[in-house]
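In what follows, a structure is listed as structure tokens, so that the remarks can point back to it.
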Amino acid sequence: DFDRDIAFGFFVQAFADHPSSRAQPVVLALSSGLMRRLGRSDDAIALAGASLASGQTTFGYSALGLAHRAAGDWDAAVDAFTTAGSFEPTDPSYPSERGRALWNAGKFAEATEAFAEGLALGDGDNEAAMSHDYVASKAGLPTGDDPAWLLRWLGDDAQPDDIRHLVTPM
């Protein structure tokens, strides 16, 4: 009985362990993302850490933040996205990713602030705007649009990925 995910995980790890990959932060960060998608959060965190040991990059910190978010370590995810944003302070994606981690942690007011920061930097996509309005309503704060329809669709216990699936159907 052949399990493709296990085989793929071995391939990704072998690729990341190859001597030519060890000094390549982007290769290691990509490998982290693949492990995360396989549900191997610990391996994803380790590979993101190896990426950052090879070179401090926004891509490495993003990989680390996504891996920690997948592992349920919201504070570490927030820290990683904050650091990534310090490298590129005008990039709206980092505050929005920080907002998703804060939302996961149930820190709705802080998540609202992070999404508002991303929107102010130009993250004008529907996902960021809807995420802002959802968490703002959960925190009892003003929203940009009326989120009633969003609350009806997603319910009271939605997670950030629910909005991602809503705006980017698979």
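Applying the condition of being surrounded by fewer than 20 Cβ atoms within 10 Å (Cβ to Cβ) and within 13 Å of the chain's Cα centre (by Cα) to the range 90-104 and asking which residue is farthest from residue 74 (Cα to Cα) yields 93. When the criteria are applied in full, residue 118 meets the requirement of being touching a His at 6+ places or on another chain (Cβ under 9 Å), crowded, with 18+ Cβ neighbours inside 10 Å and closer than 26 Å to residue 49 by Cβ. Screening the range 35-73 for residues that are more than 23 Å from residue 107 (Cβ to Cβ) and not in a helix (DSSP H, G or I) and picking the one that is most open to solvent (accessible area, probe 1.4 Å) gives 56. Out of all the residues in the range 1-16, is one or more in a helix (DSSP H, G or I), more than 30 Å from residue 145 (Cα to Cα) and of a type in the set (Lys, Arg)? Within the range 1-16 (the criterion being in a helix (DSSP H, G or I), more than 30 Å from residue 145 (Cα to Cα) and of a type in the set (Lys, Arg)), the answer is yes, since at least one residue qualifies.
Selection of first residues in the range 143-161 that are under 21 Å from residue 69 (Cβ atoms) and of second residues that are modelled with pLDDT of 90 or more and among the basic types (Lys, Arg), restricted to Cβ pairs under 7 Å at least 6 apart or on distinct chains, gives the following pairs, ordered by first then second residue: 160/100.
Taking the criterion of being touching a His at 6+ places or on another chain (Cβ under 8 Å) and among the aliphatic types (A, V, I, L, M), would at least one residue in the range 50-69 satisfy it? Within the range 50-69, not a single residue is touching a His at 6+ places or on another chain (Cβ under 8 Å) and among the aliphatic types (A, V, I, L, M).
A residue that is without any contact (Cβ under 8 Å) to a residue 60 or more places away in the chain, among the small types (Gly, Ala, Ser) and within 18 Å of residue 161 (Cβ to Cβ) occurs somewhere in the range 40-61. Scanning the range 122-160 for residues being open to solvent by 30 Å² or more (accessible area, probe 1.4 Å), out of contact with any Ser or Thr (no Cβ under 7 Å at 6 or more places or on another chain), under 16 Å from residue 99 (Cα atoms) and in a helix (DSSP H, G or I) gives a total of 3. Figure legend. Inter-residue proximity from the range 14-34: first residues small (Gly, Ala, Ser), second residues open to solvent by less than 70 Å² (accessible area, probe 1.4 Å) and at pLDDT below 70, beta-carbon distance below 9 Å, spacing 6+ or different chains. Indicated pairs: 31/21. Just checking, how many residues over the range 74-99 are touching a helix residue (DSSP H, G or I) at 6+ places or on another chain (Cβ under 8 Å) and in a loop (DSSP other than H, G, I, E, B)? Selection size over the range 74-99: 3. Residue pairs whose Cβ atoms lie under 8 Å apart, sitting 6 or more positions apart in sequence or on different chains, and linking a residue in the range 97-113 that is over 11 Å from residue 69 (Cβ atoms) to a partner that is in a helix (DSSP H, G or I) and among the basic types (Lys, Arg), are 108/138; 111/100.
The values are calculated or read from the model by the stated rules, or taken from the named source; none is laboratory data. Remember, it's a predicted structure, so these values are computed and weren't measured experimentally. So basically every Cβ, Gly included, is an ideal-geometry build from the backbone, and we count neighbours across all protein chains shown. For accessibility, only protein heavy atoms count, side chains too; no ligands or nucleic acids. Shrake-Rupley method; radii C 1.70, N 1.55, O 1.52, S 1.80 Å.
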